[in-house]
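The values are calculated or read from the model by the stated rules, or taken from the named source; none is laboratory data. Predicted model only: the values in this text are computed from it and were never measured. Heads up, the Cβs are rebuilt from the backbone with ideal geometry, glycines too, and the neighbour counts pull from every protein chain shown.
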Amino acid sequence: MRDAPDIYVRSAGTALPGPAVDNAALARRFGMPRAWEEWVETFVGTRRRHFAVDLATGDVRFSLADLAESAARRALTASRTEASGVDLVVMGTSSPDLLMPATVNTVADRLGIDGVATYQLQSGCAGAVQALDVAVQMLRTGRHRTALVLGADSCAKHLDVTMDAARLPPAEQINGALFGDGAGALVLSTEASAQAVAVRHVHNRLVGLGREPGQVIDWYGRADRDRERPPVAEDYKAIEESVPVLAAEAARAVLGALDWKETELDYLLPPQLSGRMTDRIVAHLGLDGAHEVSCIRDTGNTGNALPFFQLEQLLPRMVTGDRALAVAVESSKWIQAGFALEKV
């Protein structure tokens, strides 16, 4: 069944802090052996990523608000939407610039948006879909007409350029290879246009009851910032085992809600954890008839920005009747999410 009224994606925009850092440059900067570089290429499958921090000095060159503002301006320009026409802003991030004020409000202020409803969702890799879900549901009430949806993350605050990376345990070394910084934005509208793509369904489910977190990102305050514990920790084995299964469940849930057949899919936007993990997930999904839209190998894992990079590739490709399925999985407390689009 189709939900009504329809909500349309008018445009997508993204932003990356440059320049790209490939595996060789990362290995040289942190004194890692050639074998480590080869291991990243083979077992992680990510070739390059972008950092908001200057690896030579440790200076933060771009805030999360900087990146989100750039992505938002690109999306607004692409849809020919004035900032004054936006009446709802929703942002998903796991790494806001500050606890307060919310980064979403800083971005809105920079864009000249005021007197509207704003929301910031604290979430990992499912946050972009959660932000989309909130925006779609609120647009369907009829109280809003145009929404700006943002997804952005930055690991710059957790990247210590003075660390001896070779002495870190593998679980911490892998984070330097996996993650990068970036932002994305969508313009949603209740009104169709020649280039619009309809949002047919959004799926968002917590499925972590009784399960240990697969990822923990700590918060340090003045009282405990000197304690000896890693700021970011991952159970990568649990992620490898669980994410393909959760991705398949999310895909089935979205297709089932719409009564779409697997053979009717034209495009698949799979979870973007790493190049290798994406390959495993796609194989597990078994949606061989759908064209894969992936970016992870050249952007790194930018968290909540990733679906926007996929959408920026997808939207120009879609022709009337095309259907697309996107899936995201958050491993912090295990959330499966996804959405379906159709070019009308």
- Message: Checking the conditions here, which among Val187, Val202 is β-branched (Val, Ile, Thr), modelled with pLDDT of 85 or more and closer than 27 Å to Met277 by Cα?
- Response: Val202
- Message: For region 284-302, which positions are surrounded by fewer than 19 Cβ atoms within 10 Å (Cβ to Cβ), without any contact (Cβ under 8 Å) to a residue 24 or more places away in the chain and under 27 Å from Asn23 (Cα atoms)?
- Response: none
- Note on the structure: The one condition Leu273 fails out of (1) over 20 Å from Pro19 (Cα atoms); (2) at pLDDT 95 or above; (3) buried (at least 21 other Cβ atoms within 10 Å of the Cβ); (4) not polar (S, T, N, Q) is (2)
- Output the residues belonging to region 285-307 that are small (Gly, Ala, Ser) and either part of a loop (DSSP other than H, G, I, E, B) or at negative phi (or both). Gly286, Gly289, Ala290, Ser294, Gly300, Ala305
- Item | Verdict on Ser95 being surrounded by 23 or more Cβ atoms within 10 Å (Cβ to Cβ), of a type in the set (S, T, N, Q), in contact with a strand residue (DSSP E or B) (Cβ under 6 Å, 6 or more places away or on another chain) and at pLDDT below 95 | no
- Does Leu150 qualify as being outside the structural domain of Lys237 (by TED's automatic domain parsing), closer than 23 Å to Gln313 by Cβ and in a helix (DSSP H, G or I)? no
- Do you know which residues across region 289-307 are of a type in the set (D, E, K, R) and modelled with pLDDT under 95? Arg297, Asp298
- Task: Give the residue, chosen from Asp133, Asp164, that is in contact (Cβ under 8 Å) with a residue 24 or more places away in the chain, within 21 Å of Asn105 (Cβ to Cβ) and of a type outside the set (Gly, Ala, Ser).
- Result: Asp133
- Message: I want to confirm something. Restricting to region 308-344 and keeping residues that are crowded, with 21+ Cβ neighbours inside 10 Å and in a loop (DSSP other than H, G, I, E, B), which single residue is modelled with the lowest pLDDT?
- Response: Ser331
- Message: Just to be sure before I move on: is Gly221 modelled with pLDDT under 80 and either part of a helix (DSSP H, G or I) or not acidic (Asp, Glu) (or both) in the structure I sent?
- Response: yes
